[in-house]
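The values are calculated or read from the model by the stated rules, or taken from the named source; none is laboratory data. It should be emphasised that the depicted structure is a prediction, and the values quoted were computed from it without experimental measurement. When we count neighbours, we look across all protein chains shown, and the Cβ atoms used for this are built from the backbone with ideal geometry, even at glycine.
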Amino acid sequence: MSKPVISMHDVKKIYELGDNKVHALRGVSLDIEPGEFVTITGASGSGKSTLMHILGCLDRVSAGTFKLNDKDVSNLSREELANIRNKQIGFVFQGFNLLPRTTATENVEVPLLYSRPLIPAVERKEKALRALEKMGLSDRADHHPSQLSGGQQQRVAIARALVNEPSLILADEPTGNLDTKTGQDVMQTLLDLRESTGITIILITHEPEIAAYGSRIISIRDGLIVSDQANTRPPIPTESPSLAAVP
Amino acid sequence: MLTNPHFLNLAIQTLRRNQLQAILAILGVTIGVSALVTSIALGRGAQQAINEQLLAVGANMIVISAGNYQVERSQDSGAAPADHGFIEQNDSITQHLVSIPQQTGSYDLSHLITTAEYNPANTLRLINTHYEDDPNAEHDHPTAAERLGDTMAGLGAAATLTLDDADAILNQLDGVQFVASGVHENARVQQPGEGGRSWFTRLHGTEPDLPEIRRGWTFPHGRFISRSEYNNSAQVMVLGQVVADRLFGRGVSPVGQTLELWNQPFQIIGVVGSSSWVTQPSAGDDQFDAVYVPVTTVHTLLNLSKLNTITATTRSAGATTQVARQITSLLRQRHGITEQMPDDFTVKTQAEQILGDGLPPQVARVVAGNMNTVDNITIEQLSTSLQRANATMMALLAGVAIVSLLVGGIGVTNLLLLSVTQRTREVGLRVAMGARGRDIASQFVLEAVALSLMGGVLGAIAGVIIANSLEGVLQWSTNVSVLSTVLAIVVAALLGVLAGVYPARRAARLDPIGALHHE
């Protein structure tokens, strides 16, 4: 068996707010293998966002160990964490978070701007165009976000997450601002992506229907994992629920 | 990163999103930079005006005469102690000034000069002229021997200056701008033929560069001696205004006519007058009651090889004393004068010259005995105090410019802080995608620099326009230099860096999680 992408052991996260200590994570242990599509669900305040920040190397653990691709990242400096985010993690955020008045290609190039060693402009553009092509957006490369549909915008965001060829895609409520149909399109895109590249995807959502797309569903409550099970029956990719509901 | 179009594009977006604030911020920088450019232009203009005035007065002029009458005098007559310690006996100056004329009648040579306008200054010069003059009796002017009596003036050292000395001064001393060598005589010029009018006047053998030295000259008719006429020892003559008026009548151009000098025909090529009301041409003065011929022509006709004087100008008025000192040591070296021996020439600055010209020779001698000090407290002092006044004005203007630049900088900082707040989410996103603190910081600094540069370029243009209008409308002299304009734009860029530092640090220190969830 290959090494896990994520290996967490008894991770705790405590925020200190004045005199109060908030235990956001109370001891989470979790291994995620390459190629898994893990969805993490939980109510607001359950600790799923905190878990997501730690997984994304945006925050550090208070206790326990967290290995990303077999490397302990618990005690890295801000700069080292920035480098890991840049190289190994692709973020897809709620809301598209694209830069306005900037073309799709330029938006996709942004992570490459922060890569060290520096990537020459020509190579940046090539990589960005390749990532857009994967998302089927070659003909939209020069469009500004305002000229794209919601689904297209989210696909540009996914292309941006992919552009540096990370080992892990971290999606935080990617469908949060989308209507049901577009949301399903985006989920389908992620499924296809996993199918074609074998990339590991971790998706955080509070919607059970979205969580159902994962190959493994983890539920979290009060800073602890309450259920962690394989999902053997992911939704049929092409079928629309509204049509399925019709007898 | 700073050359990446992506980040420049962001700066433009900031500007578009907050147009009013951006315009105000840029306006602030524009005002500051234009104030800076204008004040530098005014300062430089004033500086230049002061310098030109001083140059026109001749503050930068140095006259080197053959012979050293100071040494000769103190040994010969003992009339006035010429040692430089004399100034310390301040209380006795008046006494000497009064008593000297009675003691030194032997220097009064006015009986030798037939012109009605006897000028004591000329007398002083005569003493300085060398005695190498051709004693050819055919000349209708007194020979050196006649004029100088025992011919011992200057201890026999008066034939000491050569054209080579003049070349050496021009070529070897950096501070020297122009040099004109001269031979000075008294001569009678007359219209050819029977009954032609004649005039006894000063004759200056000189070089084509002399008008560069005499800044206050104009040429109402014709021109000055050309280089080729100088090289060919041409028999050409430029008349002083007084001479032209006396011989040909006021306002009549004598150019093209002929005058006789030493029974030789000289073609008149020009008339020289004064452009300044301060030095109006008058009979008996040394500049306009005079005729000018090439020094080479005088040398040829009189079979001479020595010079009476070398006149030099310095590039800047303030350096006159220093250059005079350099000339002294250069000539001492060229003439092989050992340390104990006195100079065989006399170096005087224009300040000394002016004083000497206006005073009876005996008084001039007393003053000359303390020349170094007199020179220092007159023209150079004047120059310095004018410069100082100008510097004060410049400092004041620069102060205003700096304050307005500061205000402009605060405007830029304010706009950037607004931008950081508006773009908190974007900052969070960039950090998530791997941007380090310094990447974020330099992005905002770049934006500040871009905004300031816009203000800087606009300000530089505005400054040049304002400076030119001040010159046009108020007749203030201004001087816009490319360097100061470029400098002002660079200052604007630096201002941008300073103005961007604080907002950039704030952006770089944003908590990425908080920033990502910022609405």
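Some observations on this one:
- Residue match in segment B:471-483 (condition: β-branched (Val, Ile, Thr), in a helix (DSSP H, G or I) and touching a residue at least 40 places away in the same chain (Cβ under 8 Å)): no
- Flag if B:ARG505 is assigned to a helix (DSSP H, G or I), more than 14 Å from chain A (Cβ to nearest Cβ), surrounded by fewer than 24 Cβ atoms within 10 Å (Cβ to Cβ) and charged (D, E, K, R): yes
- Of the numbered criteria (1) over 11 Å from B:VAL293 (Cα atoms); (2) in a loop (DSSP other than H, G, I, E, B), the one B:VAL243 fails is (2).
- Taken as a whole, the structure places B:VAL431 among residues that are of a type outside the set (Gly, Ala, Ser) and under 16 Å from A:TYR114 (Cβ atoms).
- As a summary of the residue check, B:GLY514 satisfies the conditions (1) modelled with pLDDT of 90 or more; (2) under 30 Å from B:MET433 (Cα atoms) except for the one numbered (1).
- Count - residues of segment B:436-471 that are farther than 16 Å from B:LEU15 by Cα and either within 14 Å of chain A (Cβ to nearest Cβ) or touching a strand residue (DSSP E or B) at 6+ places or on another chain (Cβ under 6 Å) (or both): 7
- Near pairs, Cβ below 8 angstrom, 6+ apart or cross-chain, from segment B:243-255 (under 13 Å from B:PRO220 (Cα atoms)) to any residue that is among the hydroxyl-bearing types (Ser, Thr, Tyr) and surrounded by 21 or more Cβ atoms within 10 Å (Cβ to Cβ): none
- Residues within segment B:408-434 that are surrounded by 15 or more Cβ atoms within 10 Å (Cβ to Cβ) and either among the acidic types (Asp, Glu) or away from chain A (no Cβ under 14 Å) (or both), tallied: 12
- Some residue of segment A:33-40 being among the aliphatic types (A, V, I, L, M) and within 20 Å of the chain's Cα centre (by Cα): yes
- Of the candidates B:VAL482, B:VAL497, the single residue that is assigned by TED's automatic domain parsing to the domain that holds B:THR38, under 18 Å from B:ALA398 (Cα atoms) and within 41 Å of the chain's Cα centre (by Cα) is B:VAL482.
- The residues of segment B:1-49 that are of a type in the set (Val, Ile, Thr), modelled with pLDDT under 80 and buried (at least 21 other Cβ atoms within 10 Å of the Cβ) amount to a single one, B:THR14.
- Scanning segment A:127-182 for residues that are surrounded by fewer than 16 Cβ atoms within 10 Å (Cβ to Cβ), free of Cβ contacts under 8 Å to residues at least 60 places away in the same chain and either aliphatic (A, V, I, L, M) or in a loop (DSSP other than H, G, I, E, B) (or both) gives A:GLY136, A:ASP142, A:SER149, A:GLU165, A:ASP179.
- Screening A:THR41 on (1) more than 10 Å from every other protein chain (Cβ to nearest Cβ); (2) in contact (Cβ under 8 Å) with a residue 12 or more places away in the chain; (3) within 22 Å of B:LEU429 (Cα to Cα) shows it passes everything except condition (3).
- In the condition set (1) surrounded by fewer than 19 Cβ atoms within 10 Å (Cβ to Cβ); (2) more than 12 Å from chain B (Cβ to nearest Cβ); (3) touching a residue at least 24 places away in the same chain (Cβ under 8 Å), A:LYS21 is compliant with all but (3).
- Scanning segment A:53-101 for residues that are hydrophobic (A, V, I, L, M, F, W, C) and assigned to a strand (DSSP E or B) yields A:ALA63, A:PHE66, A:LEU68, A:ILE89, A:PHE91, A:VAL92.
- Checking B:ALA401, B:ALA351, B:ALA389, B:ALA395 one by one, the residue that is closer than 30 Å to B:GLN47 by Cβ, assigned by TED's automatic domain parsing to the domain that holds B:ALA41 and at pLDDT below 80 is B:ALA389 and no other.
- Helices (runs of 4 or more DSSP H) fully within segment B:134-234 that include at least 3 residues being modelled with pLDDT of 80 or more: B:163-172, B:227-231.
- In this entry, B:SER442 is excluded by the filter for residues that are of a type in the set (Ser, Thr, Tyr), assigned by TED's automatic domain parsing to the domain that holds B:ALA35 and surrounded by 24 or more Cβ atoms within 10 Å (Cβ to Cβ).
- Applying the condition of being crowded, with 17+ Cβ neighbours inside 10 Å and among the hydroxyl-bearing types (Ser, Thr, Tyr) to segment A:75-125 and asking which residue is nearest to the other protein chains (Cβ to nearest Cβ) yields A:TYR114.
- Test: residue in segment A:183-200 that is of a type outside the set (Val, Ile, Thr), over 19 Å from the mean Cα position of the chain (by Cα), at pLDDT 85 or above and farther than 20 Å from A:GLY150 by Cα: no
- Condition met for A:SER49 (out of contact with any Lys or Arg (no Cβ under 6 Å at 6 or more places or on another chain), within 14 Å of another protein chain (Cβ to nearest Cβ) and closer than 23 Å to A:ILE14 by Cβ): yes
- Residue that is polar (S, T, N, Q) and at pLDDT below 90, where the choices are A:ASN69, A:ASN75: A:ASN75
- Members of segment A:52-74 found to be acidic (Asp, Glu) and within 11 Å of chain B (Cβ to nearest Cβ), listed by number: A:ASP59
- Of residues in segment A:126-143 being more than 23 Å from the chain's Cα centre (by Cα) and either of a type in the set (Asp, Glu) or within 13 Å of chain B (Cβ to nearest Cβ) (or both), the one farthest from B:ILE440 (Cα to Cα): A:ASP139
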